[in-house]
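Remarks on the structure that follows.
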Amino acid sequence: MKTFKKIIIWILAIILVLVLVSYLLPKTYKVERSVYIKAKPELIYDLTSNFKKWSLWEPWTKALDSTAVYELIGKEGQVGTIWKWNGKILGNGQMTATEYKPGQLFAYDLAFDQGKRQSKGRITIESAGDSCKVSWIDEGDLGYNPAARYFGLMLGKMLGPDFTKGMNKLKSICEVRASWPRIVETTMPAQIALLVRDSAGPKTYSKVMGKGFGELMGFVKANKLKCTGAPFAIYIKYDTVTMNGLFDMGIPVEKADKGKGRIRIENIQAMNIVKAYYFGAYDKTGDAYKYLHQYVKEAELQMAGGPWEVYVTDPMTEKDPAKIETDILFPVK
């Protein structure tokens, strides 16, 4: 019996010492990992400040937990927007956006297990010559719970490798995309357009489009209409082997009553799009299309119609092909 009492006393003494020692341990923790990325800060910021794009580089994705279900509450780019998840492996949690500084910083509050575990995170971007120093930081208050204080000593070893993995993947993606044209997700507003439908092949595009846009501009002038944007083409069908296409040529106008001949008038509804700002010769747009297809796939979007080409720059007034802008749009949902 005396031996048992001694064991109990020793156990209680050890527990007391551990508790006392815990209050000498740091009350807060901070995990930080950095990487240098050779890309523009705007590109890095776009991938790190948009919750849906985190899946491209963060280590905790569906590849780790196929049961995970994600939900966005609010609108990307706004303080208070919430990104929630729930899965067998990842558990339940949410990030709430708290601060946006374009090209510089994105900050958020992080909560796990119905808010039982909380911390604050941020991603900072600092210019460093032709590169950017990107830092991913998570920090929190461990409170007065002795177990939490000891747990805090291990957080660096637990989170650090995942942070490093995420930063390295972000670096890889950004440096590949640094050669891409600028790509954005946006909404194209509703518009009224004059349209002409035709088809062409590799040797006839220039002639067919010249004729079609000539007819449209002639109609605009004859009816004293006001153009509200650049001319465009919407591809209805396109054969990637023969490069033959069926397409609508269009010009947006303020208003129009009726068409004439093959010219028709349509009210085009607003739509969500992925848009690439391409500069260069018309016959070199292939890479821009390839990058857009990759972007749509990685962002887990779906095409919602044929691609558009918006001819922002008039080639009759700009003779340098490198300065000719063509915006390529993919309707998505």
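Could you list, in their original order, any pairs among LYS116/LYS169; LYS258/LYS297; LYS116/LYS165; LYS101/LYS237; LYS62/LYS116 whose Cα atoms are separated by more than 32 Å?
LYS258/LYS297; LYS101/LYS237
By the scheme Lys and Arg +1, Asp and Glu -1, what is the net charge of all other residues having a beta-carbon under 12 Å from that of THR228?
Charge balance near THR228 sits at +1.
Distance between the C-alpha centers of segment 261-333 and segment 33-81? Whole Å please.
Centre-to-centre distance over Cα atoms comes out at 25 Å.
Please compute the modelled spin-label separation between SER179 and LYS116, points set 7 Å along Cα→Cβ, answer in nm with one decimal.
4.9 nm
Between 0 and 90 degrees, rounded to the nearest ten: what's the tilt of helix 286-298 against the longest Cα principal axis of the chain?
40 degrees
Sort VAL220, VAL274, VAL79, VAL241 by Cβ crowding within 10 Å, fewest neighbours at the top.
By the 10 Å Cβ count, ascending: VAL241, VAL79, VAL220, VAL274.
Given H placed 1.01 Å from N in the peptide plane, which residues other than close sequence neighbours of ASN244 have an amide H under 5 Å from its amide H?
Those qualifying (amide H under 5 Å, at least 5 residues apart or on another chain) are ASP239.
How far, in nm, would the chain grow between THR98 and LYS284 when pulled straight, counting 0.36 nm per residue and subtracting the alpha carbon separation?
Net length gain for the segment: 62.8 nm.
What is the fewest-to-most order of LYS260, LYS255 by other Cβ atoms lying within 10 Å of their Cβ?
LYS255, LYS260
How high is the FRET efficiency from THR240 to ILE268, r the C-beta distance, R0 22 Å, rounded to 0.05?
Plugging the Cβ-Cβ distance into 1/(1 + (r/R0)^6) gives 0.30.
Pull up all non-local amide H partners of CYS132: gap of 5 or more, or a different chain, and H-to-H distance under 5 Å with H placed in the peptide plane.
Answer set, sorted by chain and number: ILE37, LYS38, ALA39.
Given H placed 1.01 Å from N in the peptide plane, which residues other than close sequence neighbours of GLN104 have an amide H under 5 Å from its amide H?
Distant-sequence amide H within range of GLN104: zero hits.
Kindly write out, for segment 30-39 in residue order, the coupling ³J(HN,Hα) from the Karplus curve 6.51 cos²θ - 1.76 cosθ + 1.60 (θ = phi - 60°), rounded to whole Hz, with x marking Gly and Pro.
Values, residue by residue: 8, 10, 9, 9, 10, 8, 9, 10, 8, 7 Hz.
Want the number for LYS255 to LYS62: 0.36 nm per residue separation, take away the alpha-carbon distance, what's left?
My answer for the length gained is 64.7 nm.
Could you list ARG117, ARG122 so that the one with the fewest beta carbons within 10 Å of its beta carbon is first and the one with the most is last?
Ascending number of Cβ neighbours within 10 Å: ARG117, ARG122.
How much mean residue ellipticity at 222 nm does the chain get from its helices, if each DSSP H run of length 4 or more adds -39500 (n - 2.57) and you divide by all residues, to the nearest 500 deg cm²/dmol?
Result for the chain, helices only: -9500 deg cm²/dmol.
Using the Cα atoms as the points, what is the convex hull volume per residue of segment 183-331 in Å³?
Working: hull volume 16.8 nm³, N = 149.
Dividing the Cα hull volume of segment 183-331 by its residue count gives 113 Å³.
Subtracting the Cα-Cα distance from 0.36 nm times the residue separation, let me have the gained length for ILE192 to LYS226 in nm, one decimal.
11.1 nm
With θ set to phi - 60° and the Karplus curve 6.51 cos²θ - 1.76 cosθ + 1.60, what are the ³J(HN,Hα) couplings of segment 104-110 in order, to the nearest whole Hz, using x for Gly and Pro?
Values per residue, Gly and Pro as x: 10, 7, 9, 10, 8, 9, 10 Hz.
Using +1 at the Cβ of each Lys and Arg and -1 at the Cβ of each Asp and Glu in segment 183-331, identify which of MET316, CYS227, GLY214 lies farthest towards the dipole's positive end.
Working it through, the farthest residue towards the positive pole turns out to be GLY214.
At a Förster distance of 56 Å, what's the computed FRET efficiency of THR204 paired with ASP141, Cβ-Cβ distance as r, to 0.05?
Values: r = 69 Å, r/R0 = 1.23.
Working from the Cβ atoms, E equals 0.20.
Bear in mind these aren't lab numbers, they're just calculated from the coordinates by the rules spelled out. This is a predicted model, so every value here is computed, not measured. Using ideal geometry, Cβ is built from the backbone for each residue, glycine included, and neighbour counts are taken over all protein chains shown.
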